[in-house]
Amino acid sequence: MEQFPRGRMAIVGAATYGMGESPGMRPLDLAAQAAVLALKDANLALADVDALFVCTPDDALSGLSAAEYLGITPRFTENNRTGGSAFHSHVITASLMLEAGYCDTALIIYGSNQRTASGGLVSMRLPSPYEKPYKPLTPMSSYALAASRHMHEYGTTREQLAEVAVAARNWARLNPEAFARDELTIEDCLKARMVSDPLSVRDCCLVTDGAAAIVLTRADRARDLHAQPIHVLGAAAATWYSGVDQSGDLTVTAARESGRRAYAIAGVGPQDIDVVQLYDAFTINTILFLEDLGFCPKGEGGRFVSGGNIGPGGSLPVNTNGGGLSCCHPGMYGLFTLVESCLQLRGQAGDRQVADARLALAHANGGTLSSQATMILGTADCV
């Protein structure tokens, strides 16, 4: 069994800022605003932060830049870059450091002006020499390969992929912060412009600006800071490759490993989870992760998401803020899954609130299905 401090760390602050379009703001401007809001939520000040975890798209040394910008002198900075899964890995590192007494307050932040700066989905992964001759659309073509293989192996259909997009949009329509809130139908998805066959524009995430931040501390201190601290019950990460050309099976991801280990640490299983937040950069992600995280058997993901099963009123609430497909996707979406999990477990999600939510699974993806990280969060009575 991995030595992870189950339940002894808690998120006491969580916030987003500038989701959608924030013209005139740099990634660090956005991240700093989210940081201030998260610290206010935690009843803490910038001076309390002694560990800073940050990853911005435009600065390889953002750990230094962010500390200077915020006017703090942390004992430790971390700038791990595994794509969208980096922030879940930050929580793992911060939890172990807090347990060891190395720090007392960990701030994890992200910001991006991807939409107003470039208007396109930016990939920071170096091209694979084995893929480059075929001129793929990175990262879309990598996910299209996974979708095509899943269709071939299990009979998954474009209609089932569309179910994922429609469910996300129906959740987003309940979220006033979501960027895309107009009606979306299965037919709209099927008629949408093809980007990388079999993925259409409706199968691809948004391109937005936005920032998120969380504050993590020890549970014994958390009770004095926030009325509803959200406890980290289990967390695990797994990296299998960088490019999908190195995948042994395009229909299986490292979420199978990270999920198994996170469940084991938390002492729960998929049947216990009340609300699920998945990194849905593309519709195939949701299907793959639901399978690999044990919510349905391998190959059954397409059928599982059909009929509105993961949308409002369905049996499994998935991506209740609208996800990367309809809420926001500023380049790296992982930290937003943690913020939404906290809102749901606190009962603060407004019209999209899942009744009596006590356990949440937040899962993040980095690269091209390369790096996976799974986190189980719970209310105090779940510790």
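What is the sum of charges around ALA15, taking Lys and Arg as +1, Asp and Glu as -1, for the other residues whose C-beta is under 13 Å from the C-beta of ALA15? Show your work: numbers first, answer last.
Numbers: positive: LYS40, ARG346; negative: ASP41, GLU177, GLU340.
With Lys, Arg at +1 and Asp, Glu at -1, the net is -1.
Would you mind checking the tilt of helix 140-154 against the longest principal axis of the Cα atoms of the chain, expressed as 0 to 90 degrees and rounded to 10?
60
State which stretch of the chain is the longest one without any exposed GluC sites (Glu not before Pro), exposure meaning a DSSP loop state and at most 12 other Cβ atoms within 10 Å.
No qualifying site falls inside 184-383, the longest such stretch.
In whole Å, what are the extents of segment 201-308 along the principal axes defined by its C-alpha atoms, from largest to smallest?
Reported extents, whole Å, longest axis first: 47, 36, 34.
State log₁₀ I(q)/I(0) for segment 235-383 at q = 0.08, 0.11, 0.21 Å⁻¹ as given by the Debye formula over alpha-carbon point scatterers of equal weight, solvent excluded.
Debye output, listed in q order: -0.19, -0.37, -1.44.
Please tell me the relative contact order of segment 244-362 in percent, rounded to the nearest whole number, where contacts are Cα pairs under 8 Å and at least six residues apart.
The normalised contact order for segment 244-362 reaches 30 percent.
Could the peptides 375-383, 237-245 be put in order, highest first, of the mean number of other beta-carbon atoms found within 10 Å of their residues?
375-383, 237-245
Would you work out the relative contact order for the chain, in percent, from Cα pairs under 8 angstrom that are 6 or more residues apart?
Taking the mean separation of contacting Cα pairs over the length of the chain, I get 26 percent.
How long are the semi-axes of the ellipsoid equivalent to segment 4-161, from square roots of 5 times the Cα gyration tensor eigenvalues, in whole Å, largest first? Write out the running numbers ahead of the final one.
Working: eigenvalues 228, 81, 50 Å².
Over the Cα atoms of segment 4-161, the semi-axes work out to 34, 20, 16 Å.
If a/c stays under 1.5 just call it rounded; otherwise compare a/b with b/c (prolate if a/b is bigger, oblate if not). Do that for segment 96-156, with a ≥ b ≥ c from the square roots of the Cα gyration tensor eigenvalues.
Values: a/c = 2.56, a/b = 1.74, b/c = 1.47.
Here segment 96-156 falls in the prolate category.
How big is segment 132-185 by Rg and Dmax over its Cα atoms, in Å?
When restricted to the Cα atoms of segment 132-185, Rg and Dmax are 14.8, 44 Å.
How much net charge surrounds PRO312 when only the other residues with a Cβ under 10 Å from the Cβ of PRO312 are counted, with Lys and Arg +1 and Asp and Glu -1?
Values: positive: ARG173, ARG352; negative: ASP351.
Value of the local net charge: +1.
Mean 1/r over all different Cα pairs, inverted: what Kirkwood radius does segment 204-260 give, in Å?
By the Kirkwood definition, the hydrodynamic radius is 15.5 Å.
Using a 1.4 angstrom probe on heavy atoms only, work out the carbon and sulfur share of the accessible area of the chain in %.
That fraction is 50 percent.
How large is Rg over Rh for segment 156-201, taking Rg from the Cα atoms and Rh as the Kirkwood inverse mean of 1/r across Cα pairs?
We get a ratio of 1.00 for segment 156-201.
What's the whole-number percent of alpha carbon pairs in segment 157-242 lying beyond 21 angstrom?
Roughly 57 percent, rounded to a whole number.
Using 10 Å bins from zero, what percent of all Cα-Cα pairs in segment 313-383 falls into each bin?
P(r) for segment 313-383, in whole percents per bin: 18, 52, 26, 4.
When Lys and Arg each count +1 and Asp and Glu each count -1, what net charge do the other residues less than 12 Å away from ALA219, Cβ to Cβ, add up to?
Within the 12 Å Cβ shell, the charges total +2.
From the convex hull of the Cα coordinates of the chain, what is the mean projected area in square nanometres?
Directional mean of the projected Cα hull area for the chain stands at 16.8 nm².
To test your reading of the geometry: what angle, between 0 and 90 degrees and rounded to tens, separates the Cα axis of helix 27-41 from the longest principal axis of the chain?
Relative to the chain, helix 27-41 is tipped by roughly 60 degrees.
Give the Kirkwood hydrodynamic radius (Å, one decimal) of segment 32-115, defined as one over the mean of 1/r across all pairs of different Cα atoms.
Roughly 13.0 Å, rounded to one decimal.
Could you work out the relative contact order of segment 254-299? I mean the mean sequence separation of Cα pairs under 8 Å and 6+ apart, divided by the number of residues, in percent.
The value is 46 percent.
Report, in degrees rounded to the nearest 10, the 0 to 90 angle that the Cα long axis of helix 334-346 makes with the longest principal axis of the chain.
Helix 334-346 sits at roughly 70 degrees to that axis.
The values are calculated or read from the model by the stated rules, or taken from the named source; none is laboratory data. All values derive from a computational prediction rather than experimental measurement. Cβ atoms come from the backbone with ideal geometry, glycine included; neighbour counts cover every protein chain shown. Ligands, DNA and RNA are excluded from the accessible area calculation, which covers all protein heavy atoms including side chains. Shrake-Rupley method; radii C 1.70, N 1.55, O 1.52, S 1.80 Å.
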